[in-house]
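So the structure is just underneath, and the comments pick up after that.
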Amino acid sequence: MEETLAPEVYDCLVSLLCGATNSVRKASMVNPFPKAFLSEKTRDRDFDRLEQCLESLPGPSALAATSLSDDQRVLLRFLAEDCARLRRVPVDDIAVHLDKHHTNLRPNHVFQVLHPSATTSAEEFAALRDAHGSTFAFHGSSIEHWFSILNTGLRNFSGTDKQKTGSLFGEGIYLSSALSVAADFSRMGGCWAASEVLSPRMRVVALCEVIKHPEVAQRDVEQDHPLEADLAARALPLLGFRVHQQVLHP
């Protein structure tokens, strides 16, 4: 039996995938790529076919009553079975982490990334948390990055051609205890034109649980300087996107 996506999760995943396919760097951004959209002859990624399918998808309210094409059905199966599992949670669930001095800066939506507990990575994370403790911090990035981040995790691209911002505090993945700091790196971008739950344009920030490992460099959090972490960051809720925890801001 095929898994059915909740309307808000369907909207979220399609929006993020559209944000990736809209990028001039789509070849790097659409990760994972749905295998059903590989060319039968060359096995190359058929972006034109994928984008046409995305453009033809019905909005959440019309999905149940729409007779879907083969491509639409296989894309929905990919989103439900091969992509991150999400659930929307109340914004108040992360209120304790929001900026005390920027009360007008709040996500419109929050999604939680559901991590399987019976996996090696989950067990390793739990062991590191028990040994070193953990804290929570935000990560901001352009909308084009979030489909890949949601599905493959935050990765350190410092010093590579994929690095998009500076490295003031050295190499690593930059996070901040302040949503306002991370939001500065979260660029607004176009997503899914048919979005009903979220928005055709939005920005995303992730709220992550980070292991306080000795190798993780921490600056003066009280002054809203970023944290750097090149290991053990687990995304929790999605805010507007906060797609890893992520936050969406139309």
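Below are the figures for this structure:
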{"read-out": "Residue-span extension gain [S117 to E55] - 0.36 nm each, minus C-alpha spacing", "value": "18.8 nm"}
{"read-out": "Measure of compaction for the range 39-150 (Cα Rg per 2.2 N^0.38 Å)", "value": "1.44"}
{"read-out": "Label point distance in nm, D82-T42, each placed 7 Å from Cα along Cα→Cβ", "value": "1.9 nm"}
{"read-out": "Long-range HN-HN contacts of C191 with modeled amide H, under 5 Å", "value": "R201, M202"}
{"read-out": "Peptides 24-36, 63-75 ordered by average Cβ neighbours within 10 Å, highest first", "value": "24-36, 63-75"}
{"read-out": "Using a Förster distance of 22 Å, the FRET efficiency for N108-A62 (Cβ separation, nearest 0.05)", "value": "0.50"}
{"read-out": "Spacing of the two label points (7 Å from each Cα toward its C-beta) at R73 and R155, in nm", "value": "3.3 nm"}
{"read-out": "Dipole axis of the range 69-121 (+1 Lys, Arg; -1 Asp, Glu on Cβ), positive-most option in L98, L86, P116", "value": "L98"}
{"read-out": "List F47, F111, ordered by accessible area with a 1.4 Å probe, largest first", "value": "F47, F111"}
{"read-out": "For D99, distant residues with modelled amide H under 5 Å away", "value": "L179, S180"}
{"read-out": "Virtual spin-label span in nm between D184 and K212, 7 Å along Cα→Cβ", "value": "2.5 nm"}
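The values are calculated or read from the model by the stated rules, or taken from the named source; none is laboratory data. Note that the structure is a prediction, hence the values are computed from the model and not measured. In this analysis, Cβ positions are derived from the backbone assuming ideal geometry, glycine residues included, and neighbour counts consider all displayed protein chains. These area figures cover heavy atoms from the full protein model, side chains too; ligands, DNA and RNA do not enter into them. Shrake-Rupley method; radii C 1.70, N 1.55, O 1.52, S 1.80 Å.
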